[in-house]
Amino acid sequence: MIITDVLCPFCGDLCDDIIVEVEGNKIIEVKEACETGMSKMMGHERIAAPMIRENGKLVKTTYETAITKAAEILTNSLRPLMYGWGSTTCEADKKGIELAEELGAIVDNTTSVCHAPSILALQDVGLPSCTLGQIKNRADLIIYWGSNQAEAHPRHMSKYTSFTKGFFTKEGRKGKYVMVFDIRKTTTAEVANEFVQILPGEDYRVLSALRAILAGAGDVVPFSVGGVPKGKLIEIVDRMKNSKFGVLFFGMGLTHSRGKPYNVANAISLVRDLNAHTKFAVIPMRGHYNVLGFNQVCTWSTGFAFAVDFARGQPWYNPGETSTVDVLNRGECDSALIVASDPAAHFPRKSVEHLARIPLIQIDPYASLTTELADVVLPAAIAGIEVEGTAYRMDGVPLRLRKLIEPVHLSDEEILSRILSKVREIRGD
Amino acid sequence: MELLITNGIVYDPINQISGEKVDIFIKDGKIVSGVKNPKTIDAGGRIVMPGGVDMHTHIAGGKMNVGRMLRPEDGRRGIESKKKLTRACTGYSVPNTFATGYRYAKMGYTTTFEPAMPPLLARHTHEEFRDIPLVDKGAIPLLDNHWLILEYVKSGDMDKLAAYIAWMMNATKGYGIKIVNAGGGEAWGWGKNVRNLDEMVPNFDVTPAEIIHGLAEANERLNLPHSIHIHCNNLGHPGNCDTTLATFDLVKDVTSNNRQVMHATHAQFHSYGGSTWADMYSKADAIASYVNSHDHVTVDPGQVMFGDTTTMTADGPMEHELHMMSKRKWTNKDVELETGSGIIPVFYSRKVSINTIQWAIGLELVLLIKSPWKTAITTDHPNGAPFTRYPEIISLLMSKKRREEALKGVHSAINKRAILSSIDRELNWADIAIMTRASPAKILGLDKHGKGHLGIGADADISIYDISPEEDDPRKIQSALSNAKYTIKGGEIVVKDGEIVAVPEGRTYWVNPEFDGDVTKAMLEDLAVKFKDYYSVSLANYPVQDAYVPHPIEIKTRCKNAS
Ligand SMILES: [Zn+2]
């Protein structure tokens, strides 16, 4: 059976034009997707069954037993942490947030360690933005700043930016000017019209210099900023002002270099200021396919996008205090539920050490480093392959993930829903 | 379950009941003529009305959620703990979804319409609807800057235009046609705007006047329950009253089935005289006099109340202008081929002349429009103020004394550039029942679907307020309207003594117009090209799936003969 218009559950581009061939409940071919997306959809080894750690070893058990154990751990803890949500549906996120509220837990997603600076900057200065189709149809100046999407978002340039044609961009690549700002020449830079090399940690200064020149205060800018000559900076500002529709995409190179949220706020402010001269938009290159979906659900249901602490019975949001790594580094939480993410592989050592000390429940289709630390392992169906549900593309466009084959395991949503019922049962509600 | 409400002083304007003691019988969620074993509510001489209907309130979707994300400081303002039945609440002007449902129900409201759904993001609006408990909902898709619509209006292809709108209602699970700064949204794709009704939209060779007229005709041809719902061009500009009146005049020749052909929303923002902010003054009298002498237009005020709130609209260029003036944090979101939006926080100050005049204009409009059936009470939540300010607004409309007190503390510009102080009218409870229930239901076309009245067969959505009709202390009126004694939704008691006692999910109204198959086929070929070449999503993934509308109320319409 051939299924068309399939969504790819890999990166924040959320491509929806994938063609999948299914035979006997198995995906045998994937067309149109990038290599990473294809390998994700073809599948690899899964966690076979629910497991509980006994005498230091994970032992197979039933869902019923593992879910009861998980509910007991969470009910008996004073400060549970619920983290992850990078690669699952909004429906699972909703259930997770309801569970967090019931438990008085801290709930946080991978935004906490990737685009948190982007959300803090948005709160500070706003975000003039647009959907990706707007760029495809109009943009004649495309800027990637600290974002090597040739590797992280492989089809980004061919679907939405450099190598596509749209209503007002009928010439395609020829009519567009593509610039890359980065500290080293990336694969993205190789296909750009211009690569601007910035000294490590100097993004903030370069952005400030561009803003100063734009504001007519170029005289305060020294002859070189962050490794970029002043003449070049002036030329860049002219190019920006003279574009018909410009866009600035930024990635972890900006959010995680010195200055973090201040870099992002400065980049957004530059784009904002450019709107007094021409049309300009800014878009954060969100990583996982539905990391933004969690921010959306968390925002409409709690008022805040991530790092929400329910210990007071009401949402308390204070990133830096209520964000996962900070909570772990203070050794504050006494249990953790990790959903669709692998903090053991990505967190600082101190945080992982605390995760290893406390009871840890993992919900995931795949074994990871986090599994090594888990006391309860609940295998899940794969969202977008075995389960339908909602995901938000990096530009906020919500799409419905398809179910392509029958699942072997329960969905994240179902597992969380059962844990919630069990918690209520234990508490006698 | 059966209910009997006895001893209430009932205001049910659609059924010509005005402050009479009438028993109300409820069975299976509807009003019936009698019941056998009811639970009885003794209303004890208190006021009983149909559940409140808010016809224009930005409660859900991409824009509201970015507003929440933008303003954690607002989120922190309305924090309430989780309780046994209710989820935790946050926010004042940008409340979370749960707070939205609870706060409406506590004020006795049971129906709320989101008036600005970007079609490409419709799924988001419906997702949030699912998390807004208690109230019934509907969402009006933004259609006026849509490429295919601009093209059909330009070529005069009224058949395909209607076919496309019919398709869009299905695809977005939408209710009607929303117009926002017609043509300005497309121009804003290049950082530009359109300034008058006859200015060409760049690259599309069509004018706002043509777009508005074309959509009004298509609306009536499809027999949609609601008329076109318009946010006029030039919002918030001194002197924009002329544009507003010219917009009303545009659709004079369009005929409808027994209702208005244009609903002009948040008219307060469109009733300005003058040529700069320094000489801007109230033209509420001109707008009201037009509405008084014509039957094809209805308006809601979009009342401004003093304090902090958040403005959010699909009028992208207008929000950018606000940003250029106030320099406050600003978001913009253009949506490919379709529409856009912007958000900016605002503080309306009683010490600022413009804000004071804006505050006066909303009240003036409502008081100067003679027939309460031609208007409805709104704040364009959260643009003029959060919806939670309605009780205060109603107390101002009902009491000249309260207005006089309020006038004392505001900027002196009110004396020369507004007319509020010269208006003596005080609304009565019947007027209020019309403007907050019967009229918005009628304007939306929901009266024929069981909303806004208490006749046999109507939805048993009822509010009982702890106040008798004789009470004229405006503060007591405000307090009673803020915390309903009872709110009954679909025959179930959901609020008692101002507390939530049940949390049923609401339903979603959408319109499904039937249209000629051959024209639709030809239109779909045009649409397929748009998706193949210009959209960033595929056509197959565009329509909102049924899973997002778990409690739909589908209103079918049959179109009038082809032109
Ligand atoms: Zn509005």
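The values are calculated or read from the model by the stated rules, or taken from the named source; none is laboratory data. No experiment lies behind these values; they were computed from the predicted model shown. Cβ atoms come from the backbone with ideal geometry, glycine included; neighbour counts cover every protein chain shown.
If you scan the stretch B:248-295, which residues turn out to be hydroxyl-bearing (S, T, Y), more than 16 Å from the ligand (Cβ to nearest atom) and touching a residue at least 12 places away in the same chain (Cβ under 8 Å)?
B:T255, B:S256, B:Y272, B:S275, B:T276, B:Y281, B:S282, B:S289, B:Y290
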Can you pull out every residue in the stretch B:332-343 that is within 9 Å of another protein chain (Cβ to nearest Cβ) and within 16 Å of the ligand (Cβ to nearest atom)? B:K333, B:G340, B:G342, B:I343
Meets criteria (part of a loop (DSSP other than H, G, I, E, B) and farther than 17 Å from A:S269 by Cβ) for A:G201: yes
Counting only helices (runs of 4 or more DSSP H) wholly inside the stretch B:351-470, the ones holding at least 3 residues that are over 20 Å from B:A267 (Cα atoms), more than 16 Å from the ligand (Cβ to nearest atom) and of a type in the set (A, V, I, L, M, F, W, C) are B:429-433
Pairs where the first residue, in the stretch B:211-239, is within 16 Å of B:N193 (Cβ to Cβ) and the second is of a type in the set (D, E, K, R) and within 16 Å of the ligand (Cβ to nearest atom), C-beta under 6 Å, 6+ apart: B:I211/B:D144; B:L235/B:D315
Conditions first: (1) away from chain A (no Cβ under 14 Å); (2) assigned to a strand (DSSP E or B); (3) touching a Ser or Thr at 6+ places or on another chain (Cβ under 7 Å). B:T111 passes all but one, so which condition is the exception? (3)
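Results for (1) touching a Phe, Trp or Tyr at 6+ places or on another chain (Cβ under 7 Å); (2) more than 14 Å from every other protein chain (Cβ to nearest Cβ), shown as yes or no for each residue.
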{"position": "B:L142", "(1), (2)": "no, no"}
{"position": "B:N170", "(1), (2)": "no, yes"}
{"position": "B:V180", "(1), (2)": "no, yes"}
{"position": "B:N196", "(1), (2)": "no, yes"}
{"position": "B:P202", "(1), (2)": "yes, no"}
Would you check if B:I212 is in contact with a strand residue (DSSP E or B) (Cβ under 8 Å, 6 or more places away or on another chain), part of a helix (DSSP H, G or I), surrounded by 21 or more Cβ atoms within 10 Å (Cβ to Cβ) and β-branched (V, I, T)? yes
Can you tell me which residue among A:R312, A:R286 is buried (at least 24 other Cβ atoms within 10 Å of the Cβ) and either within 10 Å of chain B (Cβ to nearest Cβ) or touching a strand residue (DSSP E or B) at 6+ places or on another chain (Cβ under 9 Å) (or both)? A:R286
Scan the stretch A:298-309 and tell me whether some residue there is more than 14 Å from chain B (Cβ to nearest Cβ), within 20 Å of the chain's Cα centre (by Cα) and at negative phi. no
Taking the stretch A:177-204, which residues are more than 15 Å from A:L141 (Cβ to Cβ) and touching a Leu at 6+ places or on another chain (Cβ under 9 Å)? A:I183, A:D203
Inside the stretch B:517-529, can you point out the residues that are surrounded by 17 or more Cβ atoms within 10 Å (Cβ to Cβ) and of a type outside the set (A, V, I, L, M)? B:T520
Identify, from the list B:A522, B:A528, the residue that is free of Cβ contacts under 8 Å to residues at least 24 places away in the same chain, over 30 Å from B:I361 (Cα atoms), part of a helix (DSSP H, G or I) and of a type outside the set (V, I, T). B:A528
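Given B:K106, B:K154, B:K173, B:K137, which one is within 16 Å of the ligand (Cβ to nearest atom), in the same structural domain as B:I230 (by TED's automatic domain parsing) and among the basic types (K, R)?
Selected residue: B:K137, the only one of B:K106, B:K154, B:K173, B:K137 that is within 16 Å of the ligand (Cβ to nearest atom), in the same structural domain as B:I230 (by TED's automatic domain parsing) and among the basic types (K, R).
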Could you list all residues from the stretch B:43-87 that are more than 11 Å from chain A (Cβ to nearest Cβ) and within 16 Å of the ligand (Cβ to nearest atom)? B:V53, B:D54, B:M55, B:H56, B:T57, B:H58
Just the residues that are without any contact (Cβ under 8 Å) to a residue 40 or more places away in the chain and either away from chain B (no Cβ under 12 Å) or out of contact with any Cys (no Cβ under 8 Å at 6 or more places or on another chain) (or both), please, taken from the stretch A:18-30. A:I19, A:E21, A:E23, A:G24, A:I28, A:E29, A:V30
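Output the residue which, of all residues in the stretch B:296-325 that are in a loop (DSSP other than H, G, I, E, B) and away from the ligand (no atom under 16 Å from the Cβ), is farthest from B:Q268 (Cα to Cα).
Among residues in the stretch B:296-325 that are in a loop (DSSP other than H, G, I, E, B) and away from the ligand (no atom under 16 Å from the Cβ), the one farthest from B:Q268 (Cα to Cα) is B:H296.
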